[in-house]
Amino acid sequence: MKRIRQHLGWKLFLSYLTIILVGIVSLAVTAEFHTPAAIERHMTNMAMGDNMSGMMADLTENFSRAINEILLVAAATATVTAVLVSTFVTRRIIRPVQAMHAASRRIANGRYDERVQVTGEDELAELARAFNQMAHQLAQTEERRRQLIGDVAHELRTPLSSIKGVMEGLQDGLLPAEPATFHNVQREVSRLQRLVYDLEELSKAEAGQIPLEPEATHPATLVQTAVDRLALQFEDKGVQLQNELPPDLPVVHVDPARLTQVMLNLLGNALQYTPAGGRVIVRAWANDNEIHLAVQDTGIGLAAEQLPHIFERFYRVDKSRSRAGGGSGIGLTIARHLVEAHNGRLTAASLGLNQGSTFTVSLPHS
Ligand code: ADP
């Protein structure tokens, strides 16, 4: 039964079989019920006389007329039944196909909430389900596109209105034409430049188009390059930076420039979100398949409900504070894409607000 319900071929086969059976049954039923009446009617028309051969010819002729009549009635009945049955079956096949056709046209016109009704379990139902899934994916892609445009517009609005405000102040003479005023404009322009650069990187990363040049690299090199580059900034802020890498880590096959970029991002965040007097430690360890590089800080930490979102683009826990610090909320999104492009994982953990956070890069090693 399940086999029949799930396969259109079986259904069609059964419908044809039904039509044939209906034909035979109609023929038999009609012959059964119609023959006596027909023969009797035709017999009474026979000329009953001495001439036997004349009688026989008459009998044969009338009998064959009776059979013809029976067949005609049976054929008419079978045809009408077959037409009714096949119309019903064809409708059941055509209707969902037509519904999908109409829905696909509406989707093409931008109505992404369009869905078709799924009935049954056969191939058509499967097709309808796949169709609905495709419509759902399209709707999500469209939603992401709309969200991205909204986010980018929002990100551009703040620095642009700030620049506009300063320019108007300068024109009206409300703001003095002094280095501090120009410095404000320059800071906003730098922010815009960084945003544009990050967006370019993000779109390339999301499309998987960042070219990688993997080479055998010692994890210590990646960490040391990033640590050296940020050491001064850590010192300036008064945050202690400890590199606790063991010397015997296995070599990884990665693009050193891209992985250094990831480490810079993680260390930069750790510095940004750790108040003066805090500490940032870089650790590493290896197990059978992977090597793990962890950046642990004693900073502001992350609440459990924030953790799942921090890798989403433009997500910032505290929008005003992060924006003031120059963060666009894209850094971690790009970092995760870069690590995943190396078949690795980037994860975040925190015991809660003000409990510090740990970001761990896990990479496969040979
Ligand atoms: P941003 O450029 O704003 O730092 P990221 O994508 O790098 O953007 O980070 C996204 C958000 O994750 C940050 O705005 C911040 O709220 C949170 N975050 C990132 N790193 C840390 C950290 N080490 N400690 C606490 N919060 C962090």
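The values are calculated or read from the model by the stated rules, or taken from the named source; none is laboratory data. Here the structure is a predicted model, which is why all the values come from computation and not from measurement. Cβ atoms come from the backbone with ideal geometry, glycine included; neighbour counts cover every protein chain shown. Accessible surface is based on the protein model in full, side chains and every heavy atom, while ligands, DNA and RNA are left aside. Shrake-Rupley method; radii C 1.70, N 1.55, O 1.52, S 1.80 Å.
In this structure, does ASN243 turn out to be in contact (Cβ under 8 Å) with a residue 40 or more places away in the chain, away from the ligand (no atom under 13 Å from the Cβ) and not β-branched (Val, Ile, Thr)?
The answer is no for ASN243.
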Problem set entry | Candidates ASN269, ASN287, filtered to the one that is outside the structural domain of ASP151 (by TED's automatic domain parsing) and loosely packed, with under 14 Cβ neighbours inside 10 Å | ASN287
Seminar exercise, completed: When restricted to ALA349, ALA294, ALA324, ALA276, the only residue more than 10 Å from the ligand (Cβ to nearest atom) and modelled with pLDDT under 95 is ALA324
Problem set entry | Only listed residue being at pLDDT 95 or above and either open to solvent by less than 40 Å² (accessible area, probe 1.4 Å) or away from the ligand (no atom under 16 Å from the Cβ) (or both), chosen from GLY208, GLY238 | GLY238
Exercise. Within region 340-357, is there a residue that is more than 30 Å from the chain's Cα centre (by Cα), over 25 Å from LYS237 (Cα atoms) and open to solvent by less than 50 Å² (accessible area, probe 1.4 Å)?
Worked result: no
Exercise. When only residues in region 108-124 that are aliphatic (A, V, I, L, M) and either modelled with pLDDT of 90 or more or assigned to a loop (DSSP other than H, G, I, E, B) (or both) count, which is surrounded by the fewest Cβ atoms within 10 Å (Cβ to Cβ)?
Worked result: ALA108
Exercise. For ARG91, which of the numbered conditions (1) modelled with pLDDT of 75 or more; (2) surrounded by 12 or more Cβ atoms within 10 Å (Cβ to Cβ) fails to hold?
Worked result: (2)
